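The values are calculated or read from the model by the stated rules, or taken from the named source; none is laboratory data. The structure presented is a predicted model; accordingly, all values stated were derived computationally and were not measured. Cβ: placed from backbone, ideal geometry, glycine included. Neighbour counts: every protein chain shown. We work out accessible area using only protein heavy atoms, side chains counted, and drop any ligands, DNA or RNA first. Shrake-Rupley method; radii C 1.70, N 1.55, O 1.52, S 1.80 Å.
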Amino acid sequence: MNLYETVKGRVTPQMAAERYDLPVNRSGMACCPFHNDRTPSMKLYPDHFHCFGCGQTGDVIDLTAKLFDLRLYDAARKLASDFHLAPDKPLPESIRQKLKQKTKAQQLRENEQLCFS
């Protein structure tokens with residue numbers, strides 16, 4: 001079993017979204033981080049996600065890769081590391097630096113909260 005199968009078999013898009021600070025409501029919907037979204041338009045299914053607003057779709061690895069601007073392999077390694085799935089090599093320093101930066105969605109959400117307060 002390779003890294004991709006391990007990650008896809010144990011981590012759902014909803015688990016990853018909640019881990020990476022995307023609020024998910026009870027029906028599995030979230031505001032899409034890939035476009036300016038005020039109401040939830042991204043549905044998180046057990047095996048994939050789909051945004052009805054911008055059309056983005058994919059599995060948990062695609063979601064993580066798009067959120068953090070990573071290659072698919074690096075996104076799978078990040079998920080495995082964050083969910084303690086497989087003893088894999090540690091992430092390179094260049095990727096660690098990139099992961100420390102806030103995503104555009106997180107920056108937008110923080111700026112929006114500052115404006116409202």
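Residues that are basic (K, R) and loosely packed, with under 14 Cβ neighbours inside 10 Å were ranked within segment 1-46; the one that is nearest to R109 (Cα to Cα) is R38.
Taking the criterion of being open to solvent by less than 40 Å² (accessible area, probe 1.4 Å), free of Cβ contacts under 8 Å to residues at least 24 places away in the same chain and aliphatic (A, V, I, L, M), would at least one residue in segment 47-63 satisfy it? No, every residue in segment 47-63 fails to be open to solvent by less than 40 Å² (accessible area, probe 1.4 Å), free of Cβ contacts under 8 Å to residues at least 24 places away in the same chain and aliphatic (A, V, I, L, M).
The rows are residues; the columns are (1) touching a strand residue (DSSP E or B) at 6+ places or on another chain (Cβ under 9 Å); (2) at pLDDT below 70; (3) polar (S, T, N, Q); (4) open to solvent by 60 Å² or more (accessible area, probe 1.4 Å).
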site	(1), (2), (3), (4)
Y73	no, no, no, yes
L79	no, no, no, no
Q97	no, yes, yes, yes
N111	no, no, yes, yes
C115	no, no, no, yes
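Please go through segment 2-22 and pick out each residue that is assigned to a loop (DSSP other than H, G, I, E, B) and on the phi < 0 side of the Ramachandran plot. Selection gives N2, V11, T12, Y20, L22.
Looking only at segment 81-95, count how many residues are surrounded by fewer than 10 Cβ atoms within 10 Å (Cβ to Cβ), at pLDDT 65 or above and under 24 Å from V11 (Cα atoms). Of the residues in segment 81-95, 1 are surrounded by fewer than 10 Cβ atoms within 10 Å (Cβ to Cβ), at pLDDT 65 or above and under 24 Å from V11 (Cα atoms). Taking segment 23-76 as the range and being among the basic types (K, R) and either within 11 Å of the chain's Cα centre (by Cα) or outside any strand (DSSP E or B) (or both) as the test, the residues that pass are R26, R38, K66, R71.
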